[in-house]
């Protein structure tokens, strides 16, 4: 998959902000066909960061969420600020 086919949009919910601040994690809605490897490559290419781990979850609404833990050298808040979300 191409980099921009994987990620749909970042989430800005209370839980997502809490994870961002406490655990340095980004939360994105991603394509249902995207694998963890696809998501990792897309995030690393798009934002020039090191991804430590990824957890995915398909909700009851049918949307796939990716919880992306970043290396401590790059705060997740800095990445999400580039989107103008925070």
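Laboratory data are not the source of any read-out in this text; all were calculated from the coordinates shown. Model, not experiment: these values are computed from the prediction.
What to note about this one:
- Sequence-separation-based contact order of the chain, relative, with Cα cut under 8 Å and 6+ spacing, percent: 32
- Counting every pair of alpha carbons in the range 40-86, the share spaced more than 18 Å apart comes to 36 percent.
- Taking 37 °C and 0.692 mPa s as conditions, the chain diffuses translationally at an estimated 258 µm²/s according to Stokes-Einstein applied to its Kirkwood radius (Cα pairs).
- Dividing the Cα radius of gyration of the range 1-47 by its Kirkwood radius returns 0.99 for Rg/Rh.
- Over the residues of the chain, the helix contribution to mean residue ellipticity at 222 nm works out to -10500 deg cm²/dmol, using -39500 (n - 2.57) for each DSSP H run of at least 4.
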